[in-house]
Amino acid sequence: MIETLQKQKLFRRVYDHAGNRTKLTEGATTTYFPNTLYSVTGTTNTKHIFANSAAVATVESGSTASTTLSLYSDSLQSGWSN
C-alpha cells in the first residue's frame, strides 16, 4: 500500500503482486480496479475501451443511466470529445 497526502486529502493505493493497481481511496471515495478494462466507484461502473493498446473511450454506467465518452475526436488522437 502507498499513501500520499495531497491538498489535505489522503490517497491510498493498493497494488497486486504484478504491480497493477487494485484499489484507490481518495478521502472517502474508494475505486476498485478488478482489471485494466474495468473500474467501480460506488454505484458507477466504468468500462475502458482500447484499440491497439490505446485508450479510445470509456463507458460509465450508474444506477439510472449510461454515458459513453470518446477520448479522442479523430483518428489523430487530437483531444477529448463528449
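Scanning region 3-23 for residues that are surrounded by fewer than 10 Cβ atoms within 10 Å (Cβ to Cβ) and at negative phi yields a total of 6. Considering region 38-62, the residues that are under 9 Å from the mean Cα position of the chain (by Cα) and modelled with pLDDT under 90 include one that is nearest to Arg13 (Cα to Cα), namely His48. Kindly indicate whether any position in region 34-51 is among the charged types (D, E, K, R), under 24 Å from Glu3 (Cα atoms) and touching a strand residue (DSSP E or B) at 6+ places or on another chain (Cβ under 8 Å). Within region 34-51, none of the residues are among the charged types (D, E, K, R), under 24 Å from Glu3 (Cα atoms) and touching a strand residue (DSSP E or B) at 6+ places or on another chain (Cβ under 8 Å). Within region 1-37, the residues that satisfy the criterion of being part of a strand (DSSP E or B) and under 12 Å from the mean Cα position of the chain (by Cα) are Arg21, Thr22, Lys23, Leu24, Thr30, Thr31, Tyr32, Phe33, Pro34, Asn35.
The values are calculated or read from the model by the stated rules, or taken from the named source; none is laboratory data. Computed from a predicted model, the values in this text were never measured in an experiment. Cβ atoms come from the backbone with ideal geometry, glycine included; neighbour counts cover every protein chain shown.
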